[in-house]
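Working notes, structure below.
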Amino acid sequence: MVNLTKFSSIFIANWKLNGNSLFLKDYYEKLKVNSNNCTIICSPSIYLKSLKGNNINLFCGAQDVSSYKEGAYTGELSASMLKDSNIDFCLVGHSERRQYFAEMNDNVNIKSSNLIEENIIPVICIGETLEQKEKKLTEEILSTQIKASVPSSADHQNTLIAYEPVWAIGTGLTPTLDEINQVHELIKNFDTKFRNFKVLYGGSVKSANSKEINDLSHVDGCLIGGASLKVDEFNIIIS
Ligand code: PGA
């Protein structure tokens, strides 16, 4: 399992359903990884194996995993198959999976537990919708999500949390810096168990705001969608 403590920050590129072989080749030629940081590229699964290079600070992450270990589940990829392909991280419970693929906290919990068993670090995503934020339900929603999604086997060395307000994903909107820092502090204080967890922020992170977000005292890195598709932009974020 990757030793998370040796990195000052963690940056994850979430390519979602984007990219192809040519894009990948060009991207990896231009990518400039900073050795103080842990950089993780979550490409579509079919490209994951071809991405594993020699850079010791560059890792591959999957965007999802099956909650089943094996059997008649057409289209699924198990945690052990990801391990077999040298994958070290996997996003779990991304809001797009929760929204479009009906992923629930209990699936997220099972998936994360299976990943940990295979020494893959789950990146468990949580976040409130705009409606929930406006109703001042953020704390309640996040508390429920984290308690139900994080398996009992999780600890600060084998699991990452990503706080991604749903309304900030792909919209260009972000919470204020104070709000981000407060929510991260809140997450770390939901339970003593979470106190040392690394919590990443995601939602409209770009080169123009990544430094000020990542510099916040309770932020341990960023999860980047749209801006991670432009390698020059991503290079600035991880520099
Ligand atoms: P965004 O996406 O950076 O495009 O807002 C983040 C994410 O979905 O993880």
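Observations on the model:
- Residues of segment 73-95 satisfying the condition of being assigned to a loop (DSSP other than H, G, I, E, B), surrounded by 24 or more Cβ atoms within 10 Å (Cβ to Cβ) and at negative phi: Ile87, His94
- Restricting segment 192-223 to residues that are more than 16 Å from the ligand (Cβ to nearest atom) and not in a loop (DSSP other than H, G, I, E, B), the residue that is surrounded by the fewest Cβ atoms within 10 Å (Cβ to Cβ) is Thr192.
- Within segment 21-72, the set of residues being among the aromatic types (Phe, Trp, Tyr) and more than 29 Å from Ile110 (Cα to Cα) comprises Phe23, Tyr27, Tyr28.
- Complete set of residues in segment 1-24 that are under 19 Å from Gln63 (Cα atoms), away from the ligand (no atom under 16 Å from the Cβ) and in a loop (DSSP other than H, G, I, E, B): Met1, Val2, Asn20
- Filtered by the rule that a residue be within 28 Å of Ile238 (Cα to Cα) and more than 14 Å from the ligand (Cβ to nearest atom), segment 76-107 gives Ala79, Leu82, Lys83, Asp84, Ser85, Asn86, Ile87, Asp88.
- Residue, farthest from Arg97 (Cα to Cα), within segment 162-191, restricted to residues that are away from the ligand (no atom under 13 Å from the Cβ) and among the β-branched types (Val, Ile, Thr): Thr176
- Residues in segment 176-191 that are assigned to a loop (DSSP other than H, G, I, E, B) and within 19 Å of Phe11 (Cβ to Cβ): none.
- Contact annotation: residue pairs with Cβ atoms under 8 Å, 6 or more positions apart or on different chains, pairing a residue in segment 210-239 that is over 19 Å from Val199 (Cα atoms) with a partner that is small (Gly, Ala, Ser) and in a loop (DSSP other than H, G, I, E, B), are Gly226/Gly170; Gly226/Ser204; Leu229/Gly19.
- Test for Gln157: is it surrounded by fewer than 19 Cβ atoms within 10 Å (Cβ to Cβ) and without any contact (Cβ under 8 Å) to a residue 60 or more places away in the chain: no
- Being away from the ligand (no atom under 16 Å from the Cβ), in contact with an Asp or Glu (Cβ under 7 Å, 6 or more places away or on another chain) and modelled with pLDDT of 95 or more holds for only one residue in Tyr73, Tyr68, and it is Tyr68.
The values are calculated or read from the model by the stated rules, or taken from the named source; none is laboratory data. As the structure is a computational prediction, the values presented were derived from the model and not from experiment. In this analysis, Cβ positions are derived from the backbone assuming ideal geometry, glycine residues included, and neighbour counts consider all displayed protein chains.
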